[in-house]
Amino acid sequence: MSATPQPIASTHAKLIIIGSGPAGYTAAIYAARAMLEPVLISGFEPGGQLMVTADVENYPGFAAPVQGPWLMEQMKAQAENVGTRMVADHIVEVELNRHPFRLRGDGGTVYTCDTLVIATGAKAKWLGHPSETKFKGYGVSACATCDGFFYRGKPVVVVGGGNTAVEEALYLSHIATKVTIVHRRDSFRAERILQDRLLKRPNIELIFDHAVDEILGTSDPLSVTHVRLKNVKTGTLQDVETHGVFVAIGHEPASGLFKGQLAIKPNGYIKTAPFSTATSVPGVFAAGDVTDDIYRQAVTAAGLGCMAAIEAEHWLAAQSDARAVAE
Ligand code: NAP
């Protein structure tokens, strides 16, 4: 059973974890069992990306598919049961050039900690067209499990060629009359097993070598009617009728809060030492999709969360040893 998050009495903790996806919860489970009394600050969207994932069938330990939100609820309960303190706040500012590290929450609450685990995850990427912005929430979405229901009995378009795009299309094919996947290349990068499932669905059409040129619709009421596609090889335009456009073109790491304070790779992921979660600031560790630009799986995020907690524990022990020698 999970308790309602409580405001913390003291704002200082040995270890604070920012983020509540598989990396954050796993770090919390390991840190709590190491008696570090961790505080986990969950952010605006507790549970991370798995909260909008329907079937999860590649997280080890479950013979049959499980629901993403259920899996996250289990991880949260496990972290709480071993002693993690959950705080429902969103960190808007960090100061990592002082020790203890200082964090400020959305409502002004200040938190300090001896070690910090950053597990802020990644957010969906958008195409960046003005028409996409115009219709966001009115026919344009980045989450089929959240918004698919609104398109029952209607045709929809999914943009992208990775696992997310294929999974979104499969999910939508049970709700929409027809799903058209638009991909800018002539082949998918999604796993074979997912591509095979796609080919078995009679109401999914594939349009390769095309990019979205513009999303078209009505202004009153605001709703999508068509998507204009451009052939990336010939430049030819074509309009496809649709009521919904699901953008599934990948994710970008939620590392903005740490820019200028931690080393960040050119692609936006937090830089860590090889085979480690140690960032460029001693005592600050990064785990999960905010740092992993290779695997980006729930299970690798959990593994990195475990590493971060163990490394934080070792770092604290080394600090304490150094203090004892100095005294
Ligand atoms: P992804 O693998 O990075 O794929 C993004 C897709 O979007 C690519 O096909 C890319 O095209 C396309 N794209 C990117 N920017 C675009 C743009 N501006 N316009 C048009 N197309 C664009 O992202 P993802 O599918 O979200 O997956 C992210 C990670 O999560 C991956 O490691 C994936 O394996 C994992 N994941 C796993 C599962 C699962 O195991 N069940 C489910 C979901 C995600 P190009 O191919 O041309 O680059």
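Please treat every number below as a calculation from the coordinates, not as lab data. Keep in mind that what you see is a predicted model, and the values were worked out from it rather than measured. When we count neighbours, we look across all protein chains shown, and the Cβ atoms used for this are built from the backbone with ideal geometry, even at glycine.
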Interatomic Cα distance distribution for region 176-263, bins of 10 angstrom, percent | 13, 36, 29, 16, 6, 0
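Within a Cβ distance under 11 Å of residue 122, other residues only, what is the Lys/Arg minus Asp/Glu net charge?
Numbers: positive: 123, 125, 296; negative: 252, 289, 292, 293.
Taking every other residue near residue 122 into account, the sum is -1.
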Sequence-separation-based contact order of the chain, relative, with Cα cut under 8 Å and 6+ spacing, percent = 20 percent
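Once you list every other residue whose beta carbon is under 13 Å from the beta carbon of residue 132, what net charge do they have if Lys and Arg are +1 and Asp and Glu are -1? Let's see the in-between values first.
Values: positive: 125, 134, 136, 228; negative: 213, 214.
Overall, the nearby charge balance is +2.
Looking at the chain only, what percent of DSSP beta bridges run antiparallel? Nearest 5 please. It would help to have the intermediate numbers written out before the result.
Working: 29 of 61 bridges.
Approximately 50 percent, going by the DSSP bridge assignments.
Do any trypsin sites (Lys or Arg not before Pro) in region 208-247 lie in a loop, going by DSSP, with at most 14 other beta-carbon atoms within 10 Å of their beta carbon, and if so which? Intermediate results must be reported in sequence, preceding the final value.
Values: sites: 228, 230, 233; in loops: 233.
Answer in residue order: 233.
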In degrees rounded to 10, the 0-90 angle between helix 298-326 Cα long axis and the longest Cα principal axis of the chain is 20 degrees
Identify all lysines with a Cα-Cα distance to residue 178 below 26 Å; exclude those on the same chain that are fewer than 8 residues away in sequence.
-> 125, 134, 136, 154, 200, 230, 233
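Which percentage, to the nearest 5, of the DSSP beta bridges contained in region 207-281 is antiparallel? Walk me through the intermediate numbers first.
Values: 15 of 16 bridges.
Just about 95 percent of them are antiparallel.
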Cα extents of region 5-146 along the three principal axes, largest first, in whole Å?
-> 45, 42, 24
Per DSSP H run of at least 4 residues, take -39500 (n - 2.57); add these up for the chain, divide by its residues and hand me the 222 nm value, nearest 500 deg cm²/dmol.
-> -8000 deg cm²/dmol
For a quick protection proxy, order the peptides 286-293, 107-114 by their average other-Cβ count within 10 Å, most packed first.
-> 286-293, 107-114
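Give me 177, 84 ranked fewest to most by other Cβ atoms within 10 Å of their Cβ, as a rough exposure proxy. Could the numbers behind the result be given before it?
On the way: 177 13, 84 25.
Ranking 177, 84 by Cβ neighbours within 10 Å, fewest first, gives 177, 84.
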Environment charge at residue 172 (Cβ cut-off 14 Å; Lys +1, Arg +1, Asp -1, Glu -1) | 0
Can you tell me which of 193-203, 69-79 comes out highest on packing, and rank the rest after it, using the mean Cβ neighbours within 10 Å?
-> 69-79, 193-203
Out of 274, 38, 155, a Gaussian network model of the chain with alpha-carbon springs under 10 Å gives the largest mean-square fluctuation to 274
Once you put a point 7 Å from the Cα of residue 109 and another 7 Å from the Cα of residue 93, both along the Cβ direction, what distance in nm separates them?
-> 1.7 nm
Taking every eigenvalue of the Cα gyration tensor of the chain, multiplying by 5 and rooting it, what semi-axes result, largest first, whole Å?
-> 41, 20, 18
Placed amide H near residue 12: partners under 5 Å, 5+ positions off or other chain | 112
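In whole percent, what relative contact order does region 79-194 give with Cα contacts below 8 Å and a gap of six or more residues?
Once divided by the residue count of region 79-194, the mean separation gives 15 percent.
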Computed over region 90-180, Cα set: Rg, Dmax in Å = 19.5, 57
Relative contact order in percent for region 170-327 (Cα pairs under 8 Å, 6+ apart) equals 11 percent
Would you mind ranking 95, 57, 327 so that the residue whose beta carbon has the fewest other beta carbons within 10 Å leads the list?
-> 327, 57, 95
All-pairs alpha carbon distance profile, region 68-109, 10 Å steps from 0, percent = 25, 32, 35, 8
Could you list log10 I(q)/I(0) for region 255-302 at q = 0.23, 0.26 Å⁻¹, which the Debye formula gives when each Cα is one point scatterer?
-> -0.79, -0.99
Hz values of 3J(HN,Hα) by residue in region 79-89 - Karplus curve (6.51, -1.76, 1.60), Gly and Pro given as x | 5, 5, 4, 9, x, 6, 8, 8, 10, 8, 8
Find the Cα radius of gyration of region 240-327, compare it with 2.2 N^0.38 Å by division, and give the number to two decimals.
-> 1.46
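Given N residues in region 28-67, what is its alpha carbon radius of gyration divided by 2.2 N^0.38 Å?
On the way: Rg = 13.8 Å, N = 40, 2.2 N^0.38 = 8.9 Å.
The value comes to 1.54.
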Rg/Rh ratio calculated on Cα atoms of region 4-80 (Kirkwood radius) = 1.01
For the residue pair residue 323 and residue 209, what label-to-label distance in nm results when each label sits 7 Å from Cα along the Cα-to-beta-carbon direction?
-> 6.6 nm
Straight distance only, please: which lysines reach the Cα of residue 76 with their own Cα at less than 22 Å, same-chain residues fewer than 8 apart left out?
-> 14, 123
